[in-house]
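Beneath this line is the structure, given in structure tokens, with notes to follow.
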Amino acid sequence: MHTHTNRLIRETSPYLLQHAHNPVDWYPWGDEALQKAKKENKPILISIGYSSCHWCHVMERESFEDEDTARIMNENFINIKIDREERPDLDSIYMEAVQIMTGSGGWPLNVFLTPDGKPFFGGTYFPPKHSYNRHSWQEILQSVSLAFQKRRNIIDSQAESLAEHMSKADLPEMNSDQEAGEIFKRENTDKLFMNIMELSDKEWGGFGEAPKFPQSLTLLYLLRYSHITGNQESLSQALLSLDKMIEGGIYDQIGGGFARYSTDNEWLAPHFEKMLYDNALLIWVLSEAFQITGKERYREVINETMQFILRDLYSEEGGFYCALDADSEGKEGKYYVWDYDELTDLLGNDAAIFCEFYDVSRQGNWEGKNILRVKESIKSFSERKGSDAKTLSRLLKKCGEKLLKERKKRISPGKDDKIIMNWNALMNSACSKAYIATANENYRQLAIRNMDFLLNRFSVGKGKEINHSWKNGKGKVPAFLDDYAFLIHALIDLQKITADNGYLITAKEFTGYVLQNFADELSPMFFYTKKDQADLIARKKEFYDEALPSGNSMMAYVLYHLSVLFEKDEWKQKSIDMITSINGFLMKYPVSFSLWAGLFLEITTGSDEIVVVGQGASELHNQILKYYIPHGIMISSQSADPEFPSLADKRVSNEALIYLCRDFSCLPPVKSTIDLISLINRPEKGINNF
């Protein structure tokens, strides 16, 4: 029986429901709270976090569950809780405000607003007591309340100035006087590579110092750049990064799947939360790494990660859930770490070899506990031990299965069981890429089923309007730019693995909707929110590729690909204009513009436009997928199809023919995949032409 229940009890977000029994009189974001603030002339406190956020849980336990603290909040503020994954638009605006005011940001994000929603003070985590020169949360609340009462004119003026600044503070687009032909040059792809390598950790992989994030799209650039140029340093750095992550504690050695980031340079101690999008993007890069190298461990990790997602993050309806918490029983990582004595009791005679291989010791390798990690390859370890590698591998697998079974008896981390469009679309593409790499038919069927779920459950009415999230049988919150962009990308990928051109028609229709509702008339870029959204103090544009690619970079990517498939010159030109406008930033900071960098590489070096037409086209289409063609844009049909210009004028026969094209020019057709690959790899081909 709960002592308190607030308005959040009517919400579906797991994060908001976690706070539904706080003594704080929380409101969800909406008209009720905003109008109450205006009517009572009270400042608004918004607190933004997400279900798997460790410090969000800490602040809730310390402050939001405290009766005295809640009394101060209830008497002086209209208190609003926001799930950042449900409302990334609000999170982006108020995170920017706090970063401007304080120079830093993070979650939980606590921001104080005037009654009309304009920020005037904020921060992240505040402790319950004054410590380490940090004011306590109660002190902050009392100081802000007093200031609002005594210095209202100053607060209103500062809030107005900040809001005006934010409305104009998008990244200035660096329109260059250079023509596109001067920008899209091979030497600039080399420059991107060299600037990436300047940040690369040559010993442990990854980029920069701890905390270290996977940076999957940057690794993807290195793989593709190496494939196109033959640069071995690029390939080595990408594979080193993948290998070190796979061997580290950031990878769940017995359960599969990757944690969000590593707190150290060696990838040992992760922040233990597992996010759907991180694992999706890592499957992207692992799939291409396996295609390039044929390294069996990459196939294994793809399968293990897919098994983790299906086991822990897949819904019966066909959608993928958001995340697993870092915490269980109030402690970060408790679910995943091991005591030495516990392992030895469980594994018996096999314990010694298992513990040595996975760096398990009595003193532990992390806070007195053990995070399983690999410090030496099975081949090297078995040779040093004088044993057979296959026998050792079987033993380790048997031990891992025993530990996983035992681990399931523990109290599991919390699960954020929202289903979010953009994250699901990334995972849908991951299923497609995993199918291409492994030829596992289950992954293709999974992608088809998930896409059916997304298109049916997220749709609003009969048009192309969709929702951002879905839970308990209903959609919520109008979709944002990245929801549409990632969905379009997933549709393109799904057509590639199914040869069903209907997915491309749907992608084209969604693209038209984005152009109508998100475009900026004054620049080639797109706004993050729809033109008719009314509850924001600023309409923002996002450019950076961070943990997720930006909606703008993905739109540039899909516009380019669809322009080839539908011969829409204006879409190709818009894509080129978008990347040209941020070219200066891209060249200097490629790790922060990693999907942009990948598109730049493709535009510069050219796409391989593959058209398969005639009887048996779909079978031949599927055979082509076995080859690594990173910039391949493929369409196939048994007959001419007027919807697609590249299919409209091709000779149709009883035998499927393959055309390799570039910029509306095609080579004579061939009949086999071997001949196609010979054409693609011919040494005499030039850039952007034949």
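The numbers here are math on the coordinates, done by the rules we state, and not lab data. Bear in mind that the values here come from a model prediction, so they are computed numbers and not experimental data. Ideal geometry is used to build each Cβ from the backbone, glycine not excepted, and the neighbour counts take in all protein chains shown.
Cysteines of the chain lacking any other cysteine Cβ under 4.7 Å from their own Cβ: C322, C355, C399, C431. Straight-line cross-link partners of K295 among the aspartates and glutamates, defined as a Cα under 17 Å from its Cα and at least 8 positions apart when in the same chain: D243, E247, E304, E376. Count Lys and Arg as plus one, Asp and Glu as minus one, and take only other residues whose Cβ is under 14 Å from that of K369; the net charge is then -1.
Bridge orientation summary for the chain: considering DSSP beta bridges with both residues in this region, about 75 percent are antiparallel. A protection proxy built from the mean count of other Cβ atoms within 10 Å ranks the segments 69-79, 400-410, most packed first, as 69-79, 400-410. The calculated 222 nm mean residue ellipticity attributable to helices in the chain amounts to -15000 deg cm²/dmol, summing -39500 (n - 2.57) over DSSP H runs of n ≥ 4 and dividing by all residues.
Remark: for residue pairs K212/K405; K212/K385; K81/K476; K274/K476; K81/K331, the C-alpha separation exceeds 26 Å in K212/K405; K212/K385.
Counting Lys +1, Arg +1, Asp -1, Glu -1, what net charge surrounds N501 among other residues with beta carbon under 11 Å of its beta carbon?
-1
Please compute one quarter of the surface area of the Cα convex hull for the range 336-409 and express it in square nanometres.
Reported value for the Cα convex hull: 4.7 nm².
Distances longer than 22 Å among the Cα atoms of the range 7-167: what percent of all pairs is that? Looking at the range 7-167, the distances longer than 22 Å represent 36 percent of pairs.
Based on DSSP, what percent of beta bridges with both residues in the range 7-167 are antiparallel, to the nearest 5? About 55 percent, rounded to the nearest 5. Here are a few candidate values for P(r) over Cα pairs in 20 Å bins from 0, in percent: (1) 17, 49, 30, 4, 0; (2) 14, 37, 30, 16, 2, 0; (3) 14, 44, 33, 9, 0. Which one was actually calculated from the structure I just gave you? Only one listed value fits the structure, namely (1). When its C-alpha radius of gyration is set against 2.2 N^0.38 Å (N residues), the range 608-680 gives a value of 0.97.
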